[in-house]
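All of the numbers you see were taken from the coordinates with simple rules; none came from a lab. No experiment lies behind these values; they were computed from the predicted model shown. Every residue, glycine as well, gets a Cβ built from its backbone with ideal geometry; the counts of neighbours run over all protein chains shown.
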Amino acid sequence: MDRETALRLYEAMLLTRLTEERLVKLFRQGKTLGSVYRSLGQEATACATAMALGPDDVIAPLIRNLGSMFVRGATPKEVFLQYLGRATGPTAGREHNNHFGSVARGIIAPTSMLGALIPVMAGVALSFRQKGERRVAMTWIGDGGSSTGAFYEGLNFAVVQKLPLIVVGEANGFAFSTPPDRQMAGRMAQRSQGAFNLTVDGNDAAAVYEATAQARQRCLEGKGPAFLVCETFRMKGHAEHDDQRYVDPALLAQWATRDPLPRFEAWMALRGWKPDPSLSARLEARLQAAAEAALEAPWPMPETLTRGVFST
Ligand SMILES: Cc1ncc(C[n+]2csc(CCOP(=O)(O)OP(=O)(O)O)c2C)c(N)n1
């Protein structure tokens, strides 16, 4: 990874963290419609995977992958408008949190049915191959989501067809309140079904980036899909309404020492690379302005209710 990429990656991770912190404030003020789903501690897994892609590749994120959307050009203002349900947001108040896509940026909207995006992205990858395009499709799945039939069907299809698909497995300790040993036999990596498998420290942004770049290269060479397992930890509850009382505080304390942001800063410092000292303040100012603009944005008009929902 070169210096410029590292600095952009750091900025994307910091922007993700600060955006989600501001969302929590809006949630506590009763401004968001519904809960806030965070990726605290998982920013490297979301951002570094997306950062290793090419501009024509396509991603399909889940709720812990807001950072990947920022890497692809989504903006905090869009995210605030979405969480506040406003008419000028990406789905005009029809959807919540990061459930929005952008064809221009190569983002396919998250789907709530876990696992469902894997066959969809296998199809996207198949279309790339059929058209002879050098592009890769990527999506993410949690440990809980990897127990669905759709996960197995989609990945199996991609393996058999040797499709340019990267599935990032987020082994983050819990699915709602269920730890992996209560819902899966063995480890997540054993679910690769013959896909090229790499397991990395998901809190090490540089390692995640390098592993994704390797997986992508294999895809471009026609060697078939990769299942990239990132070992990380969900540092908050499932969402802000969940106080995660079922998580052993010692485990949280242990993972806090592996926070991906200071770790990546230290990795950069070893190379003599330093983020701009004013970066955090600049991002905060941008977020403040974006949140204020979103709070002033209009609500959807009742008569538009069916627009974009039902076909005419
Ligand atoms: C097929 C399906 N079953 C159940 C749910 C409800 N659900 C939403 S999130 C979630 C937990 C997901 O856990 P995991 O896949 O480990 O991801 P994480 O939340 O840890 O990122 C569940 C069960 C769903 N969205 N889709």
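Here are a few things to note about the model shown:
- Sorting 38-50, 97-109 by average packing, meaning the other beta carbons within 10 Å per residue, from highest down gives 38-50, 97-109.
- Once C-alpha pairs closer than 8 Å and six or more residues apart are averaged by separation and normalised to the residue number of the chain, the relative contact order reads 23 percent.
- Net +/- balance of residues flanking Met69 in space, Cβ distance below 11 Å, scoring K and R +1, D and E -1: +1
- The residues neighbouring Glu133, those whose beta-carbon lies less than 12 Å from its own, together hold a net charge of +2 under the Lys/Arg +1, Asp/Glu -1 convention.
- Integer Hz, Karplus 6.51/-1.76/1.60 couplings in order for segment 159-170, x for Gly and Pro: 5, 4, 8, 6, 8, x, 10, 10, 10, 9, x, 9
- Entry note, the chain: the mean residue ellipticity at 222 nm calculated from DSSP H runs of n ≥ 4, each adding -39500 (n - 2.57), is -13000 deg cm²/dmol after division by the residues and rounding to the nearest 500.
- Positive minus negative residues near Gln42 (Lys, Arg vs Asp, Glu; Cβ under 14 Å): -1
- Assigned charges on the beta-carbon of Lys, Arg, Asp, Glu; segment 94-188 dipole about Cα centre (debye): 400
- Considering only alpha-carbon pairs that sit under 8 angstrom and 6 or more positions apart, the relative contact order computed for segment 67-185 is 19 percent.
- Each of Glu153, Glu240 was scored by other Cβ atoms within 10 Å of its Cβ. Arranged with the fewest first, they read Glu153, Glu240.
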